[in-house]
1. Pick from the stretch 317-333 the residues that are among the small types (Gly, Ala, Ser) and more than 23 Å from Arg307 (Cβ to Cβ): which of them is surrounded by the most Cβ atoms within 10 Å (Cβ to Cβ)?
2. Hey, among the residues in the stretch 28-50 that are more than 22 Å from Ala196 (Cβ to Cβ) and small (Gly, Ala, Ser), which one's surrounded by the fewest Cβ atoms within 10 Å (Cβ to Cβ)?
3. Which condition from (1) touching a Gly at 6+ places or on another chain (Cβ under 9 Å); (2) open to solvent by less than 10 Å² (accessible area, probe 1.4 Å); (3) not in a strand (DSSP E or B) is the one that Pro360 breaks?
4. Could you say which residue among Leu25, Leu53 is under 13 Å from Ala93 (Cα atoms), modelled with pLDDT of 95 or more, surrounded by 15 or more Cβ atoms within 10 Å (Cβ to Cβ) and within 25 Å of the chain's Cα centre (by Cα)?
5. May I ask you to verify whether Ala379 is touching a residue at least 24 places away in the same chain (Cβ under 8 Å), out of contact with any Asp or Glu (no Cβ under 8 Å at 6 or more places or on another chain) and either open to solvent by 10 Å² or more (accessible area, probe 1.4 Å) or hydrophobic (A, V, I, L, M, F, W, C) (or both)?
6. For the stretch 124-143, what are the residues that are in a loop (DSSP other than H, G, I, E, B) and either touching a helix residue (DSSP H, G or I) at 6+ places or on another chain (Cβ under 9 Å) or crowded, with 24+ Cβ neighbours inside 10 Å (or both)?
7. Identify the single condition in (1) open to solvent by 10 Å² or more (accessible area, probe 1.4 Å); (2) more than 27 Å from Arg200 (Cα to Cα); (3) modelled with pLDDT of 95 or more; (4) of a type outside the set (A, V, I, L, M, F, W, C) that Gly71 does not satisfy, given that it satisfies every other one.
8. Pull out all pairs, ordered by first then second residue, where Cβ-Cβ is under 7 Å, the residues are six or more apart or on different chains, the first lies in the stretch 208-232 and is on the phi > 0 side of the Ramachandran plot, and the second is hydroxyl-bearing (Ser, Thr, Tyr) and open to solvent by 80 Å² or more (accessible area, probe 1.4 Å).
Amino acid sequence: MTSIRDLVEARLALAGTKDSALHALISTLDEQALRDADRLDEATGPRGSLHGLPVTLKDNIDVAGVVSTAGSAHHSSAPAVTDATATRLLREAGAVVVAKNNMAEFAMGVVGRNDTFGDCRNAWDHARISGGSSSGSAVAVAAGMCAASLGTDTGGSGRVPAAVNGIVGVRPTLGRVSNAGVFPVSSSFDVVSPMAVDVRTAAAVLAALDEWDPADPTSVNAERIPVESALAGAAGELRVGVPANTFFDDVEPGVASVLRSALDALREVWGEPRRVAVPDVEIAQRQMLDMMYPEAAEVHEERVRLRPETLDPDVLRRIRLGHEVPPRRAQEARRWRGGFQRRVDDVFAEVDVIATPTIPVDVPRRDAVDLADSTRSIARFTYVWSMYGGPSISVPCGRHPDSGMPVGIQLTAARWQDHLALRAALAVEEVSNFAGGAAT
C-alpha cells in the first residue's frame, strides 16, 4: 500500500525535475510537507475528505512559518504567523501543502509574467502564456506537481490560467470561501479559486473550504447547498442557456468550433440549449474596473506613494488607473452592480447554467501579447461573471484544431448555486473526454 509520504515525495520529485523550465513554484515546503505526510500515515481514526491529497497554494495565501511574497520581491520578508483560513481548512481535511506557487505580481495580470521569479510557462507549450494571475497554480496542476491547488480569482485570475493549461478552475460564489489570510486585490471581487485536473477533485476541495468565517468581513453567512450534491444529480435535468449576444462575437474561429462541437455533443445530455440574452455585458466590465481599480489603489497607496520603483511597471500602471476613477463614479458603479445582479438573476430564472467560452482566443504566444490590452483581449468573458458574483467554472472541452492547445468552456450558475455549475462541468468532462494533464 502506497503511503502518503510516498505520494508527497513523488510530487516533490516531479516539481524538482520540471520546475526549472516552468517557473510554477516560488518555494517548496519539503520538510513541512513530509512531517504532515508522516502524521497522516501514523494517524488512526476517521480520515478527512482530502486525506493525503498533495496541494499547492498561490503565494498570496498564507502558510504559517512561510513568507507570502504575493509575487513581489518587495512585499514581505516576514513569515506568516498563522495559516490563512483556506490553508487551515485544507489541512483539517487531510490535504498536504507541498509548495507555494508563482503568480503575477500582486495578482494583477492575466498573462503569467513575473520579472522577479521568472515568467511562468504554459504546461503544454512554453512559448505560450500560462495565464494569470494564478499562473503557477494552474501550471503545477497541469504538470502533475500536485493533485490540486488554490489560486485566487478577481476578474478571471483562476479561470483564465485553468483554461489555457487544460485544467478545471472554479470561481465560487462571492463570499462562499474565506479570504482571511489572503493578500487582496479588490475586496468587492476577490475569491479563493480551487483548481484541479478533474471536476470531482475540484468539487472536493471546494467542499472542504465551504464555511462561513466570522474573521473575514467578505465572508457571507448564507444557506449553503452542499457542493457534493453536484455529483449526485442527473446532468440531463439541467436547463442550459447559451447567450445569443456578445459571448460569441469576435471569437477566434478555432475556439468557436471546439465550443460548438462540445455543445453539440452535450445535446444528448442536456437537450437543446436555450437561447438567452445576458444583459449589459460590456457595460459590466467597465463598471467592474471602476470598482476594482480604486480598491487596488487603496491596497497599495503607501507603496505607490513612497516606493513606486519597487513595482513592476505594468502593475504600477494598473494601480494608477484607480487614481483616475473619481469616488463618485466608483459609487455609481456599486449601485449599478445591484441592478445588474437582479437582471442576471432574471435570466437564471429561465435556465440553471449559462455556457460560454472562457477566453475568446487560442492561447496567445508570450511574445505576441500586448500587456495593456490583455484584459480586453483575453479576459473579456470572465469579468462579467465576477461582476455578477455567482459561481463560474472553466473546464476543458477540447483542443484547438490548429495549435492543439486546450480550449475551456465557462459554466456559470446563479449565486449560491455552485452545485449546478459543478454538475454541468462534470457533464462536460464526461462527454468531452479531454485527457487532463500536460505532457511537458
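The values are calculated or read from the model by the stated rules, or taken from the named source; none is laboratory data. These numbers were taken from a predicted model, which means no experiment stands behind them. Heads up, the Cβs are rebuilt from the backbone with ideal geometry, glycines too, and the neighbour counts pull from every protein chain shown. These accessible areas exclude ligands, DNA and RNA; they are computed on the full protein's heavy atoms, side chains included. Shrake-Rupley method; radii C 1.70, N 1.55, O 1.52, S 1.80 Å.
1. If we filter the stretch 317-333 for residues that are among the small types (Gly, Ala, Ser), which is where we start, we get 322, 330, 333.
Now restrict to residues that are more than 23 Å from Arg307 (Cβ to Cβ): 330, 333.
On the way: Ala330: 18, Ala333: 23.
Of everything passing the filter in the stretch 317-333, Ala333 is surrounded by the most Cβ atoms within 10 Å (Cβ to Cβ).
2. Gly45
3. Answer for Pro360: the failing condition is (1).
4. Numbers: Leu25 fails: under 13 Å from Ala93 (Cα atoms).
The match here is Leu53.
5. Numbers: touching a residue at least 24 places away in the same chain (Cβ under 8 Å): yes; out of contact with any Asp or Glu (no Cβ under 8 Å at 6 or more places or on another chain): yes; either open to solvent by 10 Å² or more (accessible area, probe 1.4 Å) or hydrophobic (A, V, I, L, M, F, W, C) (or both): yes.
Yes.
6. Residues of the stretch 124-143 that are in a loop (DSSP other than H, G, I, E, B), as a first pass: 124-127, 130-134, 143.
Within the stretch 124-143, Trp124, His126, Ala127, Ser130, Gly131, Gly132, Ser133, Ser134, Ala143 qualify.
7. The single condition Gly71 does not satisfy is (1).
8. Cβ pairs passing all conditions: none.
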